[in-house]
Amino acid sequence: MDFVRDGLDWSGLTGRARVALATALWLALSFLAQRVDGFGPLHAALWLAAALSMLLAVGHARRRLRDINASGWWLWLLMVPFVSLVFALFLVLRRPEPAKAPPAFSRTARAATALLALLVASRALWEPYAIPAGSMKPALLPGDYILATPGFGRPERGDVIIFSHPDTGTPFVKRVIALPGETIAFENGIPVIDGTPLPHAPDGLFTEPAETPLSTAAPRCANAPVAPGAPCEKRRETETLPEGRTVTVLDIDAKTMDDLPPFVVPGGHVFVLGDNRDNSLDSRVPRRSGGPGPVPYRAITGRARIVLFNNRGTGGRVMRGIE
């Protein structure tokens, strides 16, 4: 494997063909890695391969710069989107030049490149997601950009999980409320687990504008009708889970799903709900009606951990944990 060995050794020279191959491999693997949603063996393998291909592309580019007797500082153009493609093409087309004294390679540059490769490889353990809708308000708002990690072990009650719809593959973000073998029902909008209603306590109001920029639809309001831009109110309540963990949920008005008969969660599945209970497509809606129904473990791709920022300018949504 001279190609791999030489790509990790910056002290030699490289011809144009190897630079072209290394760059094409890096671009192809990076593209494929970004196209894979959710965690799994393929996700991890592609990001690890992308990290290795990055090291090889940078290493061969550095050797090629020595081959044309150019400074290693040009190497950083590989890190600039689009410019990197022009720079790689330049390296492929440029003819070698006799070097009186090929420039020495920089150990600092190699260390920086290794750190970048480690960052790329770390994507095997995390994934960014954008929240498009408001079913998880107030924990997650439309426009929140969150970080998720693989779902090591079985999900626990109260976890905010990311999963794929069993039929359509569409990604969902919901909260685990009931576990395998438990019986869940709903009375006046309150979950009843194994015959015991989850305690609810009023917690004031959740208020947002009736219309916000970039929203796909105006939010539903408990104080409807509401003029555009006026305060839209939802009743906020604190729900206490059996283990003592508390969750903030929203209530808008009476809906047909507020009262549902007992249902036993199948083995290997969890029952999930949106925190914005009256505006959520979740396990209350069976798959035959377009909902996800109970979510099988195999469909869970990760656990939501941190809100990185909000791309719609919502204040206070920078680097905060997801409760």
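At a glance:
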read-out: Nonlocal amide H pairs with Ile252, under 5 Å, H built at 1.01 Å; value: Asp278
read-out: Cleavage-rule hits (chymotrypsin sites (Phe, Trp or Tyr not before Pro)) in the stretch 1-104: DSSP loop, at most 14 neighbouring Cβ within 10 angstrom; value: Phe82
read-out: Cα pair distances of the chain binned at 20 Å [whole percent]; value: 27, 41, 24, 8, 0
read-out: Radius ratio Rg over Rh of the stretch 141-213, counting only Cα atoms, Kirkwood formula for Rh; value: 1.02
read-out: Radius ratio Rg over Rh of the stretch 71-168, counting only Cα atoms, Kirkwood formula for Rh; value: 1.20
read-out: Net lengthening on full extension, Glu187/Leu115 (0.36 nm per residue, minus Cα-Cα); value: 20.5 nm
read-out: Principal axis box of the stretch 1-159, alpha-carbon based, largest edge first, Å; value: 67, 29, 26
read-out: ³J(HN,Hα) computed for each position of the stretch 170-175 - Karplus, 6.51 cos²θ - 1.76 cosθ + 1.60, integer Hz, glycine/proline x; value: 5, x, 10, 10, 9, 10
read-out: Accessible area of the stretch 58-159 divided out per residue, in Å², using a probe of 1.4 angstrom; value: 52
read-out: Charge dipole (the chain, unit charges on Cβ, about Cα centre) - positive-most of Ala61, Thr183, Gly291; value: Ala61
read-out: Projected label distance in nm at Trp74 and Arg107, using a 7 Å step from Cα toward the beta-carbon; value: 2.6
read-out: The chain - mean residue ellipticity at 222 nm from DSSP helices (-39,500 (n - 2.57) per run, n ≥ 4, rounded to 500); value: -8000 deg cm²/dmol
read-out: Inter-label distance, nm, simple model (7 Å from Cα along the C-beta direction), Ala218/Asp259; value: 3.0
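The values are calculated or read from the model by the stated rules, or taken from the named source; none is laboratory data. From a predicted model like this one, the values you see are computed outputs, not experimental measurements. Note that each Cβ is placed from the backbone with ideal geometry, even for glycine, and that neighbours are counted across all protein chains shown. Protein only, heavy atoms only, side chains kept; ligands, DNA and RNA dropped before computing areas. Shrake-Rupley method; radii C 1.70, N 1.55, O 1.52, S 1.80 Å.
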